[in-house]
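The structure appears below as structure tokens.
The values are calculated or read from the model by the stated rules, or taken from the named source; none is laboratory data. Worth saying up front: this structure is predicted, and the values here are computed from it rather than measured. Methodologically, a virtual Cβ is constructed for each residue, glycine included, from the backbone with ideal geometry; neighbour enumeration extends over all protein chains shown.
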Amino acid sequence: MMEEIVIKITGTGSALPEKRLTNFDLQEMVETSDEWIRERTGIAERRVAEEGENLASLAAKAAQRALEMAGRSAEEIDMILVATCSPDDMLPCCACQVQGLIGAKNATAFDINAACSGFLFGLQTAYAYLQTGMYKRALVIGAEVLSKLVDWTDRSTCVLFGDGAGAALLECSTGQKQFLGFVQGAIGEKGMVLSCARTRFVQMNGQEVYRFAVKQVPQCIEDVLEKTGLSIQDIDLFVLHQANVRIIEAVAKRLKVDIEKFPMNLSRVGNMSSATIPVLLDELNREGKLETGQKIVLSGFGAGLTYGACVLVW
Ligand code: ACO
């Protein structure tokens, strides 16, 4: 009898630009204050790409770190997915640029745009390909250089975002299942509450986005748990898209879960859209905070509007 294909994360990696932009730096640029930004968002500083750094270079660095952790060479990779809403160029896509930069010449490569849910959509896409047996190893990368889509004179948006990239290597394996279930979806009719459409810059109805997030995220976490037969008490960690500390606190409250189970790094890096979840996952992994057997929920939400969640056993 053929053994069931089991898909596992065998390596994680992340990369942040060198330049830190603090709330105090922003005070010099727009009429704002460190206090306002911290209170409303939980962010103290973010990273911003400078000359010599771009989306593809950050994504490639994160990918290489994931490969190093897994002990794999770039040529062993069959597929590269980059989740991004801030590509360097319209063409070629970032995934193809990463393929070239890291020398993954045997990999197919394409981008996915599901904004802040992008990494989760990428994970599910890679999972589906691997599950069929079509490919054996896939790099899923969430990467953003949002600093180029931000109007640096608009205080209501420029304080929120940061640049960075995170990656996970998924491989076909055997043994215990790691991915227990996925949920993903979109609410297209509400798309214009968070857009980069009529102007070149990100525009947002912050309160609508807040309402969407605090309703939809608990809902999709409950849905994915129902699919897997687990209860909220079975989950050790909730790795959420790092948009805003108040959203994460409200989700924890609605789910009646101790906020300690929601790790956060947004005070240091801001909202990096599709990069937030893989960067946080990599930081937790490298700090030894992920223990074998722990049950982890990942959940993203963002422009589209899109949302997604998955349950893993580490
Ligand atoms: N500094 C100082 N004052 C500011 C700033 C700022 N950076 N930005 C806005 N203000 C002012 C506004 O001009 C307004 O002033 P007014 O009352 O004189 O008109 C006042 O602060 C309140 O503005 P609101 O937009 O109503 O502020 P709100 O309390 O809603 O907070 C925020 C804004 C933090 C964005 C909030 O709506 C929120 O948490 N939204 C969730 C969405 C989010 O986090 N999006 C992130 C990206 S999307 C994603 O990742 C899914």
M79, sole failed condition from (1) among the aliphatic types (A, V, I, L, M); (2) within 30 Å of K136 (Cβ to Cβ); (3) without any contact (Cβ under 8 Å) to a residue 24 or more places away in the chain: (3)
How many residues does segment 196-209 hold that are closer than 12 Å to L305 by Cβ and surrounded by fewer than 16 Cβ atoms within 10 Å (Cβ to Cβ)? 2
Within segment 166-199, can you find the residues that are within 16 Å of the ligand (Cβ to nearest atom), among the hydrophobic types (A, V, I, L, M, F, W, C) and touching a residue at least 24 places away in the same chain (Cβ under 8 Å)? A186, I187, V193, L194, C196
How many residues are more than 15 Å from the ligand (Cβ to nearest atom) and touching a Pro at 6+ places or on another chain (Cβ under 7 Å) if we restrict to segment 255-288? 2
Of the residues V217, V202, only one is farther than 25 Å from T125 by Cα, in contact with a helix residue (DSSP H, G or I) (Cβ under 6 Å, 6 or more places away or on another chain) and within 13 Å of the ligand (Cβ to nearest atom); which? V202
Can you name every residue in segment 93-140 that is in contact (Cβ under 8 Å) with a residue 60 or more places away in the chain, within 16 Å of the ligand (Cβ to nearest atom) and outside any helix (DSSP H, G or I)? A114
Report yes if N285 is at pLDDT below 95 and of a type outside the set (G, A, S), otherwise no. no
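Residue by residue, here is whether (1) out of contact with any helix residue (DSSP H, G or I) (no Cβ under 7 Å at 6 or more places or on another chain); (2) closer than 16 Å to V279 by Cβ; (3) away from the ligand (no atom under 16 Å from the Cβ) holds:
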site	(1), (2), (3)
D25	yes, no, no
E28	yes, no, no
S33	no, no, no
N54	yes, no, yes
Would you point out which residue out of A186, A165 is closer than 16 Å to L149 by Cβ and not aromatic (F, W, Y)? A165
Could you run through segment 200-226 and say how many residues are over 22 Å from the mean Cα position of the chain (by Cα) and touching a residue at least 40 places away in the same chain (Cβ under 8 Å)? 1
If I ask for residues that are more than 13 Å from A243 (Cβ to Cβ) and within 16 Å of the ligand (Cβ to nearest atom), which ones from segment 289-302 would you list? L298
I'd like to check something: does segment 147-162 contain any residue that is more than 15 Å from the ligand (Cβ to nearest atom) and surrounded by 15 or more Cβ atoms within 10 Å (Cβ to Cβ)? yes
